[in-house]
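Below is one structure; the comments refer to it alone.
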Amino acid sequence: MSQIFRASATERLDAPEQLDRLLRTTKPGGWVAIGAVLALVTALASWSVIARIPDQITGRAAVVAPDSITPLYATQTGYVTEIVSGAGHAVDTGDAVVDVSSDGPAGHVTSSVTAFEAGQVSEIMVRRGERVSAGQQVAVLTDLVRGQDQRAYMFVGPDQAARLRVGMTTQVSIDGADQEVYGTVPGRVAAISSLPLNPQAVQATLQSVVLASTLPAAAGGTPYLVTIELSRADTPSGLRWALGSGPGRPVLDGSLASVRVTLGDKAPIDYLVRTDR
């Protein structure tokens, strides 16, 4: 019986029409799908090698002009009774900024912390009703004339500092200046500290206790200072903006900003395969 079945199977395979039927294991539509997948894989492979993606470092920075800031100190111990000129207010020489009152042998005495020169109040460091000591810093005054040479100061960790080079291009988006309207301020890396800064050096650079206590936190305890030179132009702010002439006012010293530093560009495949091994 088994020989009969084997003979029957042999006869079917010997028939040409049966052989053709057996060879048709894949439908034409299947080959089209396989071809489409292969084309897609080839396109993705080419893109991963040919395309370029910007390699960037981002961070927060403060816009400050060297030697343009003057700290203002309380002249007596007492309580803050009035903030006469708040942050952002323009003042002339002798204008009151903060009033401090105290009770002494001569009775209730109020003294004013005044501006030593014309400028703009950039920071108030006390609140109404707060007790202050004689000699305590209560405000910061910015000289807008000396402040025309503003720079952006950014703090990064050691790994990022090692990747930065002087001359790299930057884009600085200043808080309070609508990026959709004015764009960013172009700049370049002017200097990178060779060692991390201690808290005293950070405060001296930023000329602000508040900024010094918050801005370097992103560096994780080892803040390397990156100095960014901002592009200048004949605009109300003195800076060159990507769109138009920027806001119609100077950028206040101590303004925060977001920074993008362009290190170069990489092919997409470089982010998946390490090329330094």
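The values are calculated or read from the model by the stated rules, or taken from the named source; none is laboratory data. For clarity, every value in this text was computed on a predicted model and none was experimentally measured. Using ideal geometry, Cβ is built from the backbone for each residue, glycine included, and neighbour counts are taken over all protein chains shown.
Going by the structure shown, is Q203 touching a Pro at 6+ places or on another chain (Cβ under 8 Å) and modelled with pLDDT under 85? Criteria not met by Q203.
Candidates T205, T214: the one that is surrounded by fewer than 19 Cβ atoms within 10 Å (Cβ to Cβ) and in the same structural domain as G59 (by the TED database) is T214. Among the residues of segment 162-211, those identified as under 27 Å from V126 (Cα atoms), under 18 Å from the mean Cα position of the chain (by Cα) and assigned to a loop (DSSP other than H, G, I, E, B) are D175, G176, A177.
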